[in-house]
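Some notes on the structure that comes next.
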Amino acid sequence: MHTRQRRPESLDRETTSDRIIGRSEELKALARFVEGVPAGGHALLLEGDAGIGKTALWQEGTAAARRSDVRVLAARAGQAETRIAFATVGDLFAPTLDETLPRLPPVQRRALEIALLLREPDGPPLEVRVLGLALVSAVRALARERPVLLALDDVQWVDASSAQILAFMLRRLEGEPVGVLATVR
């Protein structure tokens, strides 16, 4: 019989990696990826057919990041949400708004509040560039405190407006302690 020692924090519940069988190489790659997030500029894409375990590995990656004191901003897109503007941006950033909105310049704060339906549009139309810069500012503010992992499950279902803004943001975060973990079919 084979026994395995567990760390004290895992005595009360099983970790995701305890349930993942036959994926030792993928788990090692996830561990290396998470270790590299503080250095910035790291991305890991888990690609494959539906039902092969991408989400389980994604969940292990996010759990490993949290255990490593990396701030995780996560979104799990669904097919029904592909036409809802800024749905994924909202999922990623809504949990941080109390912390990040006060740090943004007023024009960026307004753009983010309008995009996330926290404020009525009360002036000129929302400028995509301003919203992108608001996300850059928000991520940089969070990353000054600790590394940040943007975790996106099922990116094939990310709405077009979020995809555009996230691409804009990521191109401007070079050298920041930010990583991206994503799954795609």
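Looking across the stretch 61-106 at every residue that is assigned to a loop (DSSP other than H, G, I, E, B) and hydroxyl-bearing (Ser, Thr, Tyr), the one that is most open to solvent (accessible area, probe 1.4 Å) is identified as SER68. Every condition in (1) under 15 Å from ARG71 (Cα atoms); (2) surrounded by fewer than 17 Cβ atoms within 10 Å (Cβ to Cβ) is met by GLU176 except one, and the failing one is (2). Per the listing ALA143, ALA134, the residue uniquely in contact with an Asp or Glu (Cβ under 8 Å, 6 or more places away or on another chain) and part of a helix (DSSP H, G or I) is ALA143. Comparison of ALA160, ALA151, ALA134, ALA141 shows that the only residue that is surrounded by 19 or more Cβ atoms within 10 Å (Cβ to Cβ) and touching a residue at least 40 places away in the same chain (Cβ under 8 Å) is ALA151.
Table: residues versus (1) modelled with pLDDT of 70 or more; (2) assigned to a loop (DSSP other than H, G, I, E, B); (3) open to solvent by 40 Å² or more (accessible area, probe 1.4 Å); (4) farther than 25 Å from LEU73 by Cα.
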| site | (1), (2), (3), (4) |
| --- | --- |
| HIS2 | no, yes, yes, yes |
| GLN5 | no, yes, yes, yes |
| LEU30 | yes, no, no, no |
| GLY51 | no, yes, yes, no |
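Only residues that are within 17 Å of ARG140 (Cβ to Cβ) and open to solvent by less than 30 Å² (accessible area, probe 1.4 Å): list them for the stretch 107-116, please.
Going residue by residue through the stretch 107-116, those that are within 17 Å of ARG140 (Cβ to Cβ) are 107-109, 111-112.
Passing the criteria: GLN108, ALA111, LEU112.
Does GLU47 fit the bill of being of a type in the set (D, E, K, R) and either over 19 Å from THR183 (Cα atoms) or open to solvent by 20 Å² or more (accessible area, probe 1.4 Å) (or both)?
Working: of a type in the set (D, E, K, R): yes; either over 19 Å from THR183 (Cα atoms) or open to solvent by 20 Å² or more (accessible area, probe 1.4 Å) (or both): yes.
Criteria met by GLU47.
Condition (residue is modelled with pLDDT of 95 or more and polar (S, T, N, Q)) applied to the stretch 145-157: is it met by at least one residue? So far as the stretch 145-157 goes, no, none of its residues is modelled with pLDDT of 95 or more and polar (S, T, N, Q).
The values are calculated or read from the model by the stated rules, or taken from the named source; none is laboratory data. Just so it is clear, the model here is predicted, and its values are computed rather than measured. Reconstructed Cβ throughout: ideal geometry from the backbone, glycine too, with neighbour counts over all protein chains shown. Heavy atoms of the whole protein, side chains included, go into the accessibility calculation; ligands, DNA and RNA do not. Shrake-Rupley method; radii C 1.70, N 1.55, O 1.52, S 1.80 Å.
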